[in-house]
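See structure below.
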Amino acid sequence: MRETRSQAFTARWLWPGPGRPRENWQVTLRDGRVSAVGPRRLGQPAQDLGEGLLLPGLVNAHCHLELAGLAGLLPPDGDFVGWVQRLVRLRPSQDPAQAARQTADAASRMARCGVALVADITNTGLARQALFAAGLHAISLFEALGPSNCQPPPPQLTWQDGRLAAQGVAAHAPYSVPGPRIAALKALAGGQAFSIHMAESIAEMELFAGDGPQGRRLAEFLFGRGADVAGLGLLARRPLAHLRALGVLDRRTLLVHGAQLSPDEAHELAADGPSLCLCPRSNLGLTRTMAPAPLLLAAGVNLCLGTDSPASTPDLNLWNEMKALAEHYPGLAPDAILEMATGGGARALGLDQRFGRLAEGMHAPLCFVPLDSRPELKHVLEAVVLAAGPAAARAIGNEKIS
Ligand SMILES: [Zn+2]
């Protein structure tokens, strides 16, 4: 008979999902899933985590873990095309054994700061073992490049020892994958998540508009790699309109970056239904800008957060992405930012029945953020997002690392 493992945790504050934190609640985990959440019950044993906030495990909705070997070698300087050129030059020179070690370390560090689920872009599948070994739930999104490179396998929502070890489909970007192939990849993804980078840089926007020095540089770079812009089959002068014309925008599509989206496009995106993943520090580093998050939220777009690759961001700590977002848009409510890093990511991946909230049936691990100060209720989430989370968040209920 299978052993049943049950453990209860309590903390001064608990944030089950959007809204205010609850004081002195507890959550019970049974066999790696939440079996109960509610006010602390006297007499029922629970591990008291103390002063701090207990919340759902985070969802990193966009990562490229297999680039961990390039960490620190390509500091972004605002020149997107130059950065891509350096990345392509350096990537083949990685030592496979060292890259595997760095990938394992990066996965472990990401898990330690309270991430539960990762959507990891891959061309090789090499990071899958590292994700599993770190106790993370993961969808490895196999990414197609160019007219025919890196054809993804069909999606599979596989569970292994109680953890999600799924595979899914991604296309690199509308400027690097021909339109008909993007449509075919979306069809291959079927009802599962389909991810594509979009409207990341000025160069991409100029390439679509057919005018501008950065667009010409990007087109020349692509041509040098055997991909002619004429072969992309562009259907519009903006990447969002191109994807709409291809018929690939719906609730199962996850657009990544959107740093160059216009206010009009924010409203169009809400009508189309895809989610948008911001990678705040990567966006600021590579393009000196970020998607208009307040406008997108007000329009009703489902937003989520990713770290992007270790090659374009200083670390894979999603709390640092929340802090960067909060500092860039000081008017954003802390609970909206936390929701982007939890429920928003789960919804974007079609997994909101299993991740992103503290409710019965949701999967561990959870996340705990200790608070040194004793903020009033109305300041708890702000303290967590701006200071305590990046400094000291940790995973709860991840048996691989605790
Ligand atoms: Zn990416």
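The values are calculated or read from the model by the stated rules, or taken from the named source; none is laboratory data. Keep in mind the model is a prediction, meaning the values are calculated, not measured. Ideal geometry is used to build each Cβ from the backbone, glycine not excepted, and the neighbour counts take in all protein chains shown.
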- prompt: Does segment 115-132 contain any residue that is over 18 Å from Ala170 (Cα atoms) and touching a Phe, Trp or Tyr at 6+ places or on another chain (Cβ under 9 Å)?
  reply: yes
task: Output the residue which, of all residues in segment 224-260 that are within 16 Å of the ligand (Cβ to nearest atom) and assigned to a loop (DSSP other than H, G, I, E, B), is surrounded by the fewest Cβ atoms within 10 Å (Cβ to Cβ).
output: Gln260
message: Here is a check on your reading of the model: is Leu188 farther than 18 Å from Ala61 by Cα and at pLDDT 95 or above?
response: yes
- prompt: Just wondering, is there one or more residues in segment 53-62 that are within 16 Å of the ligand (Cβ to nearest atom), over 22 Å from Arg394 (Cα atoms) and surrounded by 15 or more Cβ atoms within 10 Å (Cβ to Cβ)?
  reply: no
message: When the residues of segment 313-343 are narrowed to those that are within 16 Å of the ligand (Cβ to nearest atom) and buried (at least 24 other Cβ atoms within 10 Å of the Cβ), which ends up modelled with the lowest pLDDT?
response: Thr313
query: With Gln98, Gln44, Gln102 as the choices, which residue is on the phi < 0 side of the Ramachandran plot, surrounded by fewer than 15 Cβ atoms within 10 Å (Cβ to Cβ) and in a helix (DSSP H, G or I)?
result: Gln98
query: Where residues in segment 103-125 are within 16 Å of the ligand (Cβ to nearest atom) and out of contact with any strand residue (DSSP E or B) (no Cβ under 7 Å at 6 or more places or on another chain), which of them is farthest from Pro314 (Cα to Cα)?
result: Thr124
message: Which pairs turn up if I take residues in segment 366-390 that are surrounded by fewer than 20 Cβ atoms within 10 Å (Cβ to Cβ) and look for partners that are among the basic types (Lys, Arg) and modelled with pLDDT under 95 with beta carbon separation below 7 Å, at least 6 apart in sequence or on another chain?
response: Leu377/Arg20
- prompt: For segment 281-302, what are the residues that are within 16 Å of the ligand (Cβ to nearest atom) and of a type in the set (A, V, I, L, M, F, W, C)?
  reply: Leu284, Leu286, Met290, Ala291
query: Which members of segment 170-196 meet the condition of being at positive phi and buried (at least 24 other Cβ atoms within 10 Å of the Cβ)?
result: none
message: Can you tell me which condition Ala138 does not meet? The list is (1) surrounded by fewer than 24 Cβ atoms within 10 Å (Cβ to Cβ); (2) assigned to a strand (DSSP E or B); (3) within 16 Å of the ligand (Cβ to nearest atom), and all the others hold.
response: (1)
- prompt: Quick one: Val118 ticks every box in (1) in contact (Cβ under 8 Å) with a residue 60 or more places away in the chain; (2) under 21 Å from Leu349 (Cα atoms) bar one, so which box is it?
  reply: (1)
query: Which of the residues spanning segment 287-344 are more than 18 Å from Ala388 (Cβ to Cβ) and either acidic (Asp, Glu) or outside the structural domain of Ser195 (by TED's automatic domain parsing) (or both)?
result: Asp308
